[in-house]
1. Note down the relative contact order for region 161-267 as a percent, whole number, built from C-alpha pairs under 8 angstrom at least six residues apart.
2. A 22 angstrom limit on the alpha carbon distance is what I want to check against. Which of Lys53/Lys228; Lys205/Lys249; Lys173/Lys259; Lys53/Lys205; Lys210/Lys273; Lys168/Lys205 exceed it?
3. For a quick check: with amide H placed at 1.01 Å from N, whose amide H comes under 5 Å from Ser162's, ignoring anything fewer than 5 positions away on the same chain?
4. Does anything in region 145-187 have its amide N under 17 Å from the 7 Å Cα→Cβ label point of Ile271, and if so which residues?
5. Output wanted: per-residue J couplings in Hz (rounded whole) for region 183-192, from phi through Karplus 6.51 cos²θ - 1.76 cosθ + 1.60, θ = phi - 60°, x for Gly and Pro.
6. Provide the per-residue ³J(HN,Hα) series for region 220-232, in order, calculated from phi with Karplus coefficients 6.51, -1.76, 1.60 and θ = phi - 60°, each as a whole number of Hz, with x at glycine and proline positions.
7. Highest first, please rank the peptides 252-265, 171-184 by the mean number of other Cβ atoms sitting within 10 Å of their residues.
8. Under the Karplus relation 6.51 cos²θ - 1.76 cosθ + 1.60, θ = phi - 60°, what is the ordered set of whole-Hz ³J(HN,Hα) values for region 249-263, x standing for Gly and Pro?
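We did not get these values from a lab; they are worked out from the coordinates using the rules stated. None of the values given here were measured: they were computed from a predicted structure. In this analysis, Cβ positions are derived from the backbone assuming ideal geometry, glycine residues included, and neighbour counts consider all displayed protein chains.
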Amino acid sequence: MAIFKYLGLIFYCFMGVGCSNRNDPAPVSELYQGKTFRDFEQQGYSAQTYQVKAGDTLYSIAWYSGKDYRDLARINNISTPYQIQPGQLLTLVELSKSIRPKSNKSKTLTSKIIINQSIDPSKKQAYGKSVQNTNKDPIGSATGQFPDRVKSWHWPTVENVSRGFSAKEQGNKGLDFSGKLGLPILAAADGKIVYTGDALRGFGKLVIIKHTDAYLTAYAHNDNMSVKEQQWVTAGQKIATMGSSGTDKVKLHFEVRYKGKSVNPLRYLPIRK
């Protein structure tokens, strides 16, 4: 009789009822299976502040937190050319006037930061010449400012879309393209490189391009990056090669942001023949 009770207990445990400790940590494979940068993004930015790390730019922080870089600049009293430094504490949300610090200490710190470290070069350098030894702004702006609209859009790769855009909270906020290691990644429009690096968890090696004051694009999971920050590029220009950095397979994740918000890239890219 005792043997039957013992066998019944084993069967009960085998079926996963009552014998597992709900407080035990999940296996690593379970914790990370299916997770994307969107999951890491929400976990990393539940707080209302962010401490700048080496390699960060205002653009990359805004991108990762889903904010408009202009809003972050205004909230934190950072004027163009948007210079920040490691260790600086940025506020990510608008504070009410009743709880906004009255001290001028933060403004003084911001002023010192602008002098000490450059994230975005001066207007004369940024809009005058590019890193590629051209004598004028390749975007062609006569006023020395970014254009009001994107002149034309270009597909970032010759590969087909493997996963489309989804506006859902945990949906894919861009387009995914499967491909082979080393395939060229192309700039989707004329613009300036405002971030290259791998500091944003879940994106791997990432390139962000600013096209207008409102539009930016990002290219994630690259293998090699062939451009540098502050460099001007033209639509269709090679900026990187396809890789698997920050993910488990070779692919490109491509996003378009309008005023900090993800929009469906298919609304902008030309129809393929």
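1. Numbers: 289 pairs, mean separation 34.0, N = 107.
Relative contact order of region 161-267: 32 percent.
2. Lys210/Lys273; Lys168/Lys205
3. Sorted by chain and number, the residues that satisfy this are Asp176, Phe177, Ser178.
4. Label zone hits: 153-155.
5. 4, x, 9, 10, 5, 7, 6, 4, x, 10
6. With the stated coefficients, region 220-232 comes to 10, 6, 5, 8, 10, 10, 9, 10, 10, 4, 6, 7, 7 Hz.
7. So the peptides 252-265, 171-184, ranked by packing, come out 252-265, 171-184.
8. 8, 5, 6, 10, 9, 10, 10, 10, 10, 10, 6, x, 9, 5, 10
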